[in-house]
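Written out below as structure tokens is the structure these notes cover.
The values are calculated or read from the model by the stated rules, or taken from the named source; none is laboratory data. These figures come from a predicted structure and were not determined experimentally. For neighbour counting, all protein chains shown are included, and Cβ atoms are generated from backbone atoms with ideal geometry for every residue, glycine included. Quick note on the areas: whole protein, heavy atoms, side chains included, nothing else; ligands and nucleic acids left out. Shrake-Rupley method; radii C 1.70, N 1.55, O 1.52, S 1.80 Å.
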Amino acid sequence: MTEIFTSDTGFRQLTQMFLAIIFFHISEYLLALVIHGRVTLSSLLITKHYALAMLISVLEYIIEFTLFPSLKEHLWISNLGLVLIILGEIIRKTAIITAGRSFTHLIKIRREEHHRLVMQGVYRIVRHPSYSGFLIWSVGTQVMLCNPVSAVAFAVVVWRFFAERIPYEEHYLKQFFGRQYVEYAQSVPSGVPFVN
């Protein structure tokens with residue numbers, strides 16, 4: 001196992017993974033703090049299931065690095081994953097900043113005074129850019145590690161999560177904004193593949 005930390009590939013990939021995770025969660029927390037003024041630790045977005053998924057992905061990496069080290073040596077795949085991580089971050093953070101106070105990590109079931117329908121910026125392209133960004137980011141972490149099993153698993157699990165969350169969230173958005181949201185939803189895709 002020490003070979004992982006002494007090889008250039010292992011050290012680079014694991015360092016990039018941990019830096020991506022740290023940056024993602026700290027920036028989410030800081031953005032929530034700046035936008036809303038008060039936040040809880042839940043704004044770090046670290047759940048037991050998420051931590052378990054990341055732990056399993058590291059275990060996959062260690063096992064594959066030990067048994068099939070050449071699997072991790074595909075620099076172009078790893079670099080593609082890094083590009084996906086950066087792209088996902090940019091999309092998600094742009095969505096959060098564009099939505100401002102209308103963005104929260106929890107689905108609102110009551111309309112608040114400052115709540116507005118955001119249709120400009122990245123929201124002109126997709127209705128749920130923060131979800132698109134997270135999907136790209138999470139799969140990118142596994143592509144960057146050259147983790148084939150976790151890449152597929154992350155794609156399926158994160159997609160399924162958003163496939164269930166989007167209809168629930170949009171139920172309330174239709175209540176808040178009525179016909180305006182219905183027309184917006186008909187003309188702009190969700191941003192999550194195969195989720196209308």
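In whole percent, and with a 1.4 Å probe on the protein chains, what portion of the accessible area of the stretch 65-105 is carbon and sulfur?
Exposed carbon and sulfur together represent 77 percent of the surface.
Which whole DSSP H helices in the chain pass both tests: a Cα extent of 18 Å or more along the axis and a mean Kyte-Doolittle value no lower than -1.0? List each step's numbers first, then the result.
Details: long enough: 8-36 (41 Å, 1.00); 48-67 (28 Å, 1.15); 75-99 (36 Å, 1.56); 129-144 (22 Å, 0.64); 148-177 (41 Å, 0.43).
Once both thresholds are applied, what remains is 8-36, 48-67, 75-99, 129-144, 148-177.
Mind checking the stretch 104-196 for trypsin sites (Lys or Arg not before Pro) that DSSP puts in a loop (not H, G, I, E or B) and that have at most 14 other Cβ atoms within 10 Å?
Lys108, Arg110, Arg111, Arg116
Which of Ile26, His74, Phe103 sits farthest toward the positive end of the charge dipole of the chain, with +1 on the Cβ of Lys and Arg and -1 on the Cβ of Asp and Glu?
Phe103
Do any chymotrypsin sites (Phe, Trp or Tyr not before Pro) in the stretch 122-196 lie in a loop, going by DSSP, with at most 12 other beta-carbon atoms within 10 Å of their beta carbon, and if so which?
Here the chymotrypsin sites (Phe, Trp or Tyr not before Pro) that fit, given the DSSP loop and packing criteria, are Phe194.
Determine which aspartates and glutamates satisfy two conditions relative to Lys72: a Cα distance under 14 Å, and not lying fewer than 8 residues away in the same chain.
The qualifying aspartates and glutamates are Glu3, Asp8, Glu60, Glu64.
Could you state the number of Å between the C-alpha centres of the stretch 56-80 and the stretch 169-189?
42
Please state the charge dipole magnitude for the chain, taken about the Cα centre, from unit charges on C-beta atoms (+1 on K and R, -1 on D and E), reported in debye and rounded to the nearest 20.
Here the size comes out at about 860 debye.
Based on DSSP H runs of at least 4 residues, each adding -39500 (n - 2.57), what is the mean residue ellipticity at 222 nm of the chain after dividing by all its residues, to the nearest 500 deg cm²/dmol? Before the final figure, lay out the partial values.
On the way: 7 runs with 134 residues, N = 196.
It comes out at -23500 deg cm²/dmol, rounded to the nearest 500.
Applying a 10 Å radius around every beta-carbon, put 80-90, 60-70, 139-149 in order of their mean neighbour count, most first.
139-149, 80-90, 60-70
Which trypsin sites (Lys or Arg not before Pro) in the stretch 33-94 pass both tests, a DSSP loop state and at most 11 other beta-carbon atoms within 10 Å?
Counting only loop positions with at most 11 other Cβ atoms within 10 Å, the trypsin sites (Lys or Arg not before Pro) in the stretch 33-94 are Arg38.
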